[in-house]
Amino acid sequence: MTTRIGGVSPPPFGELNLGYSTADLRDNVIENERRTAQALGVDTEAIRWVYQVHGNEVRHAESLPVNAPLGGTEIQADAIVSRTPGLVCGVKIADCMPVLLAARDGSVVAAAHAGWRGLASGVVENTLRTMGVTGERVTAWLGPCIGPKAFEVGEDVRAAFVSQDSDAAAHFYALPKLPNSDTVPSPPKFLCDLAAIARQRLAALGVAEVVSSDACTYSEPERFFSHRRDRTTGRMAAFVWIE
């Protein structure tokens with residue numbers, strides 16, 4: 001996974017912005033992508049992207065166009081699965097969590113973009129199903145995302161998870177209500193542990209081997225982009241492939 005360090009983009013996208021959807025100059029993003037591919041030791045043309053929409057659609061890397069680099073693609077999805085050596089699955093993030101999955105026998109890998117909407121709608125479950133292997137055969141890596149001390153959400157987010165699994169309530173921490181001068185009660189707010197929810201859902205799928213970075217994108221501005229913190233910012237990326 002990349003950080004924000006080592007690219008050519010000026011503030012507020014400094015430095016290694018990989019987001020073509022941002023207002024950064026396209027040539028900057030292309031150069032940042034070139035540097036990233038060089039650091040990974042792969043050809044830029046080997047990287048496959050999708051246009052991420054915070055959903056649960058999964059695409060096969062083999063069906064996606066060559067990057068080239070053409071600034072990504074209009075093919076909408078939030079996860080990519082590959083069975084072909086040399087095809088690199090990439091997802092972009094700036095607070096959402098990258099989830100990388102690999103069959104331990106090296107036969108198939110996947111990258112998922114998992115914000116709260118994607119997790120709640122089943123992007124991890126759909127990705128594992130598309131991989132065609134059981135959870136017991138898979139290793140998972142959870143990358144940096146907005147951490148449990150920074151990710152403030154409303155009751156709608158909590159309900160989206162608890163309605164599917166009551167045990168998810170353990171990963172939401174109610175915040176004290178603020179004093180309100182009028183008679184309208186303030187809506188409840190919670191801190192959400194996104195990584196813990198992902199681990200819970202992976203465990204339900206039989207994935208026992210899970211490694212988590214535990215890094216918080218929001219609280220480390222020198223290393224990470226964070227949309228929640230800065231609003232106008234760049235994008236990082238996480239990659240997985242079969243050599």
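Quick look at the values:
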quantity	calculated
Of the criteria (1) of a type outside the set (Phe, Trp, Tyr); (2) in contact with a strand residue (DSSP E or B) (Cβ under 9 Å, 6 or more places away or on another chain); (3) over 13 Å from LEU191 (Cα atoms), which one ALA174 fails	(3)
Only listed residue being charged (D, E, K, R) and within 12 Å of the chain's Cα centre (by Cα), chosen from ASP105, ASP78, ASP43	ASP78
Segment 202-226, subset in contact with a strand residue (DSSP E or B) (Cβ under 9 Å, 6 or more places away or on another chain) and assigned to a helix (DSSP H, G or I), residue farthest from HIS113 (Cα to Cα)	ALA203
Residue among VAL153, VAL162, VAL211 that is modelled with pLDDT of 95 or more, surrounded by 12 or more Cβ atoms within 10 Å (Cβ to Cβ) and under 18 Å from the mean Cα position of the chain (by Cα)	VAL153
Cβ-Cβ under 6 Å pairs, at least 6 apart or on other chains, segment 84-104 side more than 26 Å from PRO148 (Cβ to Cβ) and of a type in the set (Gly, Ala, Ser), far side at pLDDT 95 or above and in a loop (DSSP other than H, G, I, E, B)	ALA103/VAL133
Among residues of segment 1-51, those that are of a type in the set (A, V, I, L, M) and either closer than 12 Å to PHE225 by Cα or touching a helix residue (DSSP H, G or I) at 6+ places or on another chain (Cβ under 6 Å) (or both), counted	5
Residues of segment 7-21 satisfying the condition of being under 21 Å from the mean Cα position of the chain (by Cα) and surrounded by fewer than 20 Cβ atoms within 10 Å (Cβ to Cβ)	PRO12, GLY14, GLU15, TYR20, SER21
Single residue of segment 110-137 satisfying the filter (farther than 16 Å from LEU205 by Cβ and not in a helix (DSSP H, G or I)) that is nearest to the chain's Cα centre (by Cα)	HIS113
Answer from ALA160, ALA150, ALA140 - the residue that is small (Gly, Ala, Ser), in a loop (DSSP other than H, G, I, E, B) and touching a residue at least 40 places away in the same chain (Cβ under 8 Å)	ALA150
Residue satisfying all of: in segment 138-150; surrounded by fewer than 23 Cβ atoms within 10 Å (Cβ to Cβ) and not aliphatic (A, V, I, L, M); farthest from the chain's Cα centre (by Cα) among these	LYS149
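The values are calculated or read from the model by the stated rules, or taken from the named source; none is laboratory data. Since we're looking at a predicted model, the values are computed, not measured. Because the Cβ atoms are built from the backbone with ideal geometry, glycine has one as well, and the counts that use them run over all protein chains shown.
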